[in-house]
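J.: Below is a structure I'd like to ask you about.
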Amino acid sequence: MPRPAAVDLEAAYQASGVGPVLEQLDRELVGLAPVKGRIREIAALLLVDKLRMDLGLRAQPPTLHMSFTGNPGTGKTTVAARMADILHKLGYIRSNHLVSVTRDDLVGQYIGHTAPKTKEILKKAMGGVLFIDEAYYLYRPENERDYGQEAIEILLQVMESRRDDLVVILAGYADRMDRFFGSNPGFRSRIAHHIDFPDYSAGELMAIGERMLAAQSYRFSPAAREAFARYIVARMQQPHFANARSVRNALDRARLRQAVRLFEGRARDLTAEDLMTIDASEILASRVLGAPAA
Amino acid sequence: MRLTQGTFSFLPDLTDAQIGAQVAYCLRNGWAVNLEFADDPHPRNTYWEMWGQPMFDLKDPAAVMYELAACRKVHGGRAYIRLSAFDATAGWESLRLSFITDRPAEEPGFGLERQEAGGRNIRYTARSYAANKPVGERY
């Protein structure tokens, strides 16, 4: 069969349905420029590979095992949950499912328990994405008889030999993941994409907060919005700041305070507007903005 | 003599791609896929050994093919391997599909024994030639 002389990249792009996926990602996730950039690269590669195959050129499916590192609350788990969807739409994985596990799901409690357990999880994840949260717990250097090492070996073997069948995503805090990769060099080299999740800026956190509220049918009053912007800046200076997670916790507390305020003023009738609106007082009552601990 | 037990047994052996497609069909229906092997092919031998555990909650046939490859490495060519799909929904709770994926290179078949009983009655027994040898030397 003669090779077609040329292929139409634009037409292939339109036909693949990748565009809407990337747009949706841009729309729904705030910030995270490096992550979006990498996903764009992967999408481009998969598309070009498909075209190469059409022209009869050799195209080896790329390795898509990934590691997500970053501070608490930077969206690692959220993006991983999206990843199955994205890779499925890009046509890289066969089924749109994500198996999310931690050490307990992989490592057994006695000799001979670990291998079947790890293999069972791997089998469940085949065709989709296996997400290992806080992967560094797999390796416990202080205990040389720890079964984690066995799980790691099986993982590595399957990651290598069954590249077409599953995508493994490891996630964890940057410094500990570095130490984990340092002591398991095989892992580092088998993972093609090391993606670092940057901390959010104050503006991005504000946008995230508004989205969280909108998703739960709440909104800020103008004064509350201004107070929350101040809250974020103050909270970022404090210890144990966990990016989007801190924002979510703050909003959860604000909702509690709002419920109390509505409850105490229950003499009058409430409108839907009342039930939706977070007032400045709910934000200002926070310890972070200097209010006494309530 | 070719053993004809289970679905597809009068067809040529399924290729891996065809097995995978059957497994995909089973998984789409929510059935749990199991692998079993046996070296005694007698039709009334319902107790086949299980390879690993029944595989629940799978999403993709690749997992079954992975186990099938592992099973073949140990038993391939020296035993029958069959794949069965179990439907756990209430009212069924039984196998919905079962077929042989691998068979020994040579299948000696069955001999028919006649036992003469009282009153010129004849009792018949089917005996697998392979099962005359001890376990481990049958194929």
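J.: Being more than 14 Å from B:Met1 (Cα to Cα) and among the small types (Gly, Ala, Ser) is the filter here, so list the residues in the stretch B:103-130 that pass it.
T.: Correct list: B:Ala117, B:Gly118, B:Gly119.
J.: List the helices (runs of 4 or more DSSP H) that sit entirely inside the stretch A:212-294 and contain at least 3 residues that are of a type outside the set (A, V, I, L, M, F, W, C) and touching a residue at least 60 places away in the same chain (Cβ under 8 Å).
T.: By residue number, A:243-264.
J.: Criterion first (exposed (fewer than 13 other Cβ atoms within 10 Å of the Cβ) and in contact with a strand residue (DSSP E or B) (Cβ under 7 Å, 6 or more places away or on another chain)) does B:Ser94 satisfy it?
T.: Spelling it out, B:Ser94 is indeed exposed (fewer than 13 other Cβ atoms within 10 Å of the Cβ) and in contact with a strand residue (DSSP E or B) (Cβ under 7 Å, 6 or more places away or on another chain).
J.: Also: Out of all the residues in the stretch A:132-165, which are under 15 Å from A:Ser100 (Cα atoms) and in contact with a Leu (Cβ under 6 Å, 6 or more places away or on another chain)?
T.: Answer for the stretch A:132-165, where residues must be under 15 Å from A:Ser100 (Cα atoms) and in contact with a Leu (Cβ under 6 Å, 6 or more places away or on another chain): A:Ile132, A:Ala135.
J.: Oh, and also: Can you find a residue that is touching a strand residue (DSSP E or B) at 6+ places or on another chain (Cβ under 6 Å), hydrophobic (A, V, I, L, M, F, W, C) and touching a residue at least 40 places away in the same chain (Cβ under 8 Å) anywhere in the stretch B:48-63?
T.: No, the stretch B:48-63 contains no residue that is touching a strand residue (DSSP E or B) at 6+ places or on another chain (Cβ under 6 Å), hydrophobic (A, V, I, L, M, F, W, C) and touching a residue at least 40 places away in the same chain (Cβ under 8 Å).
J.: In addition: What tally of residues in the stretch A:117-133 results from selecting those that are of a type outside the set (A, V, I, L, M) and either more than 11 Å from every other protein chain (Cβ to nearest Cβ) or in contact (Cβ under 8 Å) with a residue 60 or more places away in the chain (or both)?
T.: Residues in the stretch A:117-133 being of a type outside the set (A, V, I, L, M) and either more than 11 Å from every other protein chain (Cβ to nearest Cβ) or in contact (Cβ under 8 Å) with a residue 60 or more places away in the chain (or both): 3 in total.
J.: Hand me the list of helices (runs of 4 or more DSSP H) wholly inside the stretch A:29-146 holding 2 or more residues that are open to solvent by 10 Å² or more (accessible area, probe 1.4 Å) and closer than 20 Å to A:Ala174 by Cβ.
T.: Fully inside the stretch A:29-146 and qualifying: A:33-54, A:76-89.
J.: Consider B:Phe10 against the criteria (1) touching a Phe, Trp or Tyr at 6+ places or on another chain (Cβ under 8 Å); (2) away from chain A (no Cβ under 14 Å): it satisfies all of them except one. Which criterion is unmet?
T.: Unmet for B:Phe10, out of (1) touching a Phe, Trp or Tyr at 6+ places or on another chain (Cβ under 8 Å); (2) away from chain A (no Cβ under 14 Å): (1).
J.: Looking at B:Glu49, B:Glu36, can you tell me which residue is open to solvent by 50 Å² or more (accessible area, probe 1.4 Å), within 21 Å of A:Lys117 (Cα to Cα) and under 11 Å from the mean Cα position of the chain (by Cα)?
T.: It is B:Glu49.
The values are calculated or read from the model by the stated rules, or taken from the named source; none is laboratory data. Remember, predicted model here, so these are calculated numbers, not experimental data. All Cβ positions, even for glycine, are placed from backbone atoms using ideal geometry, and neighbour counts span all protein chains on display. Note: areas computed on protein heavy atoms with side chains; ligands, DNA, RNA excluded. Shrake-Rupley method; radii C 1.70, N 1.55, O 1.52, S 1.80 Å.
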